[in-house]
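Have a look at the structure below before the remarks.
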Amino acid sequence: MRATVVTDTEFEVIELPRPIPGPGQVLIDVVRCGICGSDLHARTHADDMAELAVATGYDHFMRAEQSVVLGHEFSGTVVDYGPDCRKRWKAGTPVVALPIVRHGKQPHLVGLSSAAPGGYAEEVVVQESMAMPVPNGLSAEHAALTEPMAVAWHAVRRGRVGKGQTAFVIGCGPIGLAVISMLKAAGVRSVVASDFSPRRRELATACGADVVVDPATEAPWTAAPRTGRINKVTDILDLGFDTMNRLRRVPNLPWWYVFRLAHTLNASPAGAVVFECVGVPGIIEQIISAAPPLSRVVVVGVCMQADRFQPAMAINKEIELRFVFGYDPGEFRDTLHMLADGKIDPTPLITGTVGLAGVDNAFAALGNPERHAKILVDPSSSAVTPV
């Protein structure tokens with residue numbers, strides 16, 4: 001089969017032996033495969049990412065000197081099965097799959113391990129238990145976005161945004177745009193998006209953001225509708241005074257039980273939820289310093305460098321930090337069905353398509369935020385520039 005491999009940051013289209021599915025695995029024809037920010041990082045920082053993976057207990061992340069087929073955001077059709085499969089779907093059935101396979105007892109990340117070639121190829125092997133049929137005639141282009149949209153859905157779920165809370169999305173690259181889409185799908189009424197790029201601000205609006213700002217001229221915090229009472233630390237103190245004044249007016253009321261009940265029901269005052277989708281040093285510190293008190297900050301952007309922030313500021317404002325990664329199979333399935341049911345429209349994210357020979361040009365094009373967000377790879381296409 002034809003595939004695009006990367007070796008020491010250089011791309012090349014070569015012929016590889018057709019992959020053979022192992023026990024419990026399925027061979028699929030790749031119809032579309034998205035280019036992810038993780039792929040951009042892996043091309044240039046593979047060894048750093050591998051060392052980080054080793055430190056967390058995963059020993060099979062790709063190394064720079066290895067020849068690897070990238071691509072983990074794919075959709076395709078069933079071709080054949082390996083041994084010990086239930087053969088759930090007939091040949092030609094459109095499917096997507098979580099990008100992880102198991103060789104023996106060893107898990108491998110598809111498209112990020114030399115032992116698990118990815119979707120920048122005509123065919124790819126997936127685990128049958130992790131594959132899912134594409135419902136409702138969903139297009140291959142949109143089905144391929146199940147994986148990145150599932151990342152966003154996991155982040156939104158971990159953010160636990162109430163429909164009446166304001167959600168801030170800082171950075172409107174592909175993952176920020178996906179988070180905006182998922183917030184609106186979850187029914188969040190007020191989503192404020194911020195990005196320096198005019199093109200990305202335009203896409204944020206197309207994805208459903210209610211307020212979009214250029215941080216060079218306006219802070220997202222001041223652009224948000226004032227729906228809550230907690231905008232500065234003294235608001236928390238004033239709320240405490242007002243609450244105690246009301247409770248103390250009720251004769252013989254054991255007011256402390258009211259507080260205990262609020263604690264049990266997690267009904268204490270809540271601030272905004274902020275999604276950090278930039279992933280460069282200094283952003284977390286900027287958010288902690290500027291965000292309203294009691295904010296929950298969900299870190300989605302992957303920063304590969306060391307970073308620092310001032311803990312005392314986060315403590316004084318009681319900022320909650322949550323770091324998120326990936327998704328689980330249930331979130332992946334639910335995302336696929338939200339796409340198929342029309343609850344999410346990923347069309348604004350897709351800005352171009354290339355063939356295998358165009359992957360190098362696509363990576364270069366993605367360096368310009370004014371032009372592209374998500375570029376898909378079509379192995380049957382001859383396009384060498386994103387169209």
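No value in this document is a laboratory result; all are computed from the given coordinates. All of these numbers come straight from a predicted model, not from anything done at the bench. Reconstructed Cβ throughout: ideal geometry from the backbone, glycine too, with neighbour counts over all protein chains shown.
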Residue among THR146, THR347, THR335 with the largest mean-square fluctuation in a Gaussian network model of the chain, springs linking Cα atoms under 10 Å
THR347
Work out how far the C-alpha atoms of the chain reach from end to end along every principal axis, then list the three figures in whole Å, largest first.
80, 45, 40
In the chain, if the dipole is taken from +1 on Lys/Arg beta carbons and -1 on Asp/Glu beta carbons about the Cα centre, which of GLN66, VAL191, PRO251 is farthest to the positive end?
PRO251
About its Cα centre, how strong a charge dipole does the stretch 60-139 have in debye, to the nearest 20, once Lys and Arg get +1 and Asp and Glu get -1 at the Cβ?
320
May I ask you to compute the full-extension gain from GLN286 to ASN136, defined as 0.36 nm times their residue separation minus their alpha-carbon distance, rounded to one decimal in nm?
49.7 nm
Degrees separating the helix 146-159 axis from the principal Cα axis of the chain, which is the longest one
20
Here the residues of the stretch 363-387 lying in the modelled label zone of VAL13, meaning backbone nitrogen under 12 Å from a point 7 Å along Cα-to-Cβ, are 378-385
Quick one, can you get me the convex hull of the C-alpha atoms of the stretch 149-246 expressed as volume per residue in Å³?
101
Dipole moment magnitude, nearest 20 debye, the chain about Cα centre, only Lys, Arg, Asp, Glu C-beta charged
1880
Segments 275-288, 234-247 sorted - mean Cβ within 10 Å per residue, highest first:
275-288, 234-247
Enumerate the lysines that LYS317 could reach by cross-link, defined here as Cα to Cα under 30 Å, with residues fewer than 8 away along the same chain left out.
LYS163, LYS184, LYS232
How would you order 80-93, 107-120 from highest to lowest mean count of nearby Cβ atoms within 10 Å?
107-120, 80-93
May I ask you to compute the full-extension gain from THR243 to ASP341, defined as 0.36 nm times their residue separation minus their alpha-carbon distance, rounded to one decimal in nm?
30.8 nm
If one takes the longest principal axis of the Cα atoms in the chain, at what angle in degrees, from 0 to 90 and to the nearest 10, does the Cα axis of helix 174-185 lie?
60
Shape call for the stretch 228-387 from the C-alpha gyration tensor, a ≥ b ≥ c root eigenvalues: rounded (a/c under 1.5), prolate (a/b greater than b/c) or oblate?
prolate
Starting from the Cα of SER268, step 7 Å along the direction of its Cβ; do the same at ASP47; then give the gap between the two resulting points in nm.
4.6
If packing is taken as the mean number of other Cβ atoms within 10 Å per residue, what is the order of 337-346, 351-360, highest first?
351-360, 337-346
Describe numerically, in nm with one decimal, the distance between label points set 7 Å from Cα along Cα→Cβ at PHE325 and at ASN252.
5.7
Roughly how tilted is helix 255-264, in degrees to the nearest 10 and between 0 and 90, from the longest Cα axis of the chain?
0
